[in-house]
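A.B. asks: The following block contains the structure, expressed as structure tokens.
The values are calculated or read from the model by the stated rules, or taken from the named source; none is laboratory data. Being a predicted model, the structure only gives us computed values, none of them experimental. Cβ: placed from backbone, ideal geometry, glycine included. Neighbour counts: every protein chain shown.
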Amino acid sequence: MCVLAFAWHAHPSWLLVMAGNRDELHARPADALGRWDQPSDVIAGRDLESGGTWLGVSDRGRVAVVTNLRGFGRPEPDGPSRGALVTGALSGGRPYSDGFSDAELSHYNPFNLIMADRELAFFISNRPTITRAPLAPGVYGLSNGALDEPWTKTIRLKARLDEWLANSACGPETLLDDLRDESLGGVEIPPAGLSEVPQEPPPSPIFVRDPVYGTRCSTVVAIDANSRGIIIERRFDATGSLSGETALSFSWPA
């Protein structure tokens, strides 16, 4: 993902709400949101180039999402796919705090990873050093920098999620409209170092419309206090036009 707002135990009616956009080269092949054959408990889109995913949920009662991390140069082409971190977090049986060894994490290109279930939310990053941090109940924003770093699009999307929680009579699908925001706003983006994607515009809005590298899909995950959930993916072509939408319901174990 390239921008994400995430609420965990931040509202009495909602266990978890997540909304984010995946920006990627339009030429990179991907499968739409669906239930995987293997691991069979995973519901996610799939990167067909490397086999992992950027965001997903699991019938085991887990959700995970990864973002690339800027400021550390171009990625190593032989590094393992960061999408495998999401798959491992969703289907793994170990606690988040020791699910990945430091040695394993150091081999990945720079990343941020958020994982959550009913009882615990956790943040892991591997640059500049390995960071593992439990998250308190609340609302968070994440892009390609540090957690809650005040990038323009992160601030705007986090504010939209706060507004939605305050007026949560609206269905979670309304957050998809907020993910179509193409305005830059008036907040300064902090320096982020070298981007690993040369086609990516430096100051980018929540939704990036670009024929080469742009927003490929918007995803919303909403799980209510009774552990009933829905994940919705809205997909876009190289012109920024809607190309498909999938919504799947699921339930987490009590």
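A.B. asks: Condition first: more than 29 Å from ALA225 (Cα to Cα) and either outside any loop (DSSP other than H, G, I, E, B) or in contact with a strand residue (DSSP E or B) (Cβ under 7 Å, 6 or more places away or on another chain) (or both). Now tell me which residues in segment 101-150 satisfy that.
C.D. replies: ASP102, ALA103, GLU104, LEU105, SER106, PRO110, PHE111, ASN126, THR131, ASN144
A.B. asks: Taking ASP47 as meeting all but one of (1) buried (at least 18 other Cβ atoms within 10 Å of the Cβ); (2) acidic (Asp, Glu); (3) touching a residue at least 40 places away in the same chain (Cβ under 8 Å), write down the number of the exception.
C.D. replies: Only one criterion is unmet by ASP47, namely (3).
A.B. asks: Restricting to segment 234-250, what's the tally of residues that are exposed (fewer than 13 other Cβ atoms within 10 Å of the Cβ) and in contact (Cβ under 8 Å) with a residue 12 or more places away in the chain?
C.D. replies: 3
A.B. asks: Oh, and also: At least 1 residues that are modelled with pLDDT under 95 and of a type outside the set (S, T, N, Q) in each: list the strands (runs of 3 or more DSSP E) lying fully within segment 205-254 that qualify.
C.D. replies: Filter on segment 205-254 gives 213-224.
A.B. asks: Having 3 or more residues that are small (Gly, Ala, Ser) is the bar; report the strands (runs of 3 or more DSSP E) wholly within segment 1-79 that clear it. I'd like the intermediate steps shown before the answer.
C.D. replies: Working: elements: 3-11, 14-25, 30-35, 42-47, 55-58, 62-68.
Counting at least 3 such residues, we get 3-11, 30-35.
A.B. asks: I've got another one for you. Being in contact with a helix residue (DSSP H, G or I) (Cβ under 7 Å, 6 or more places away or on another chain), within 24 Å of THR239 (Cβ to Cβ) and not charged (D, E, K, R): is that true of LEU175 here?
C.D. replies: Working: in contact with a helix residue (DSSP H, G or I) (Cβ under 7 Å, 6 or more places away or on another chain): yes; within 24 Å of THR239 (Cβ to Cβ): yes; not charged (D, E, K, R): yes.
Yes: the conditions hold for LEU175.
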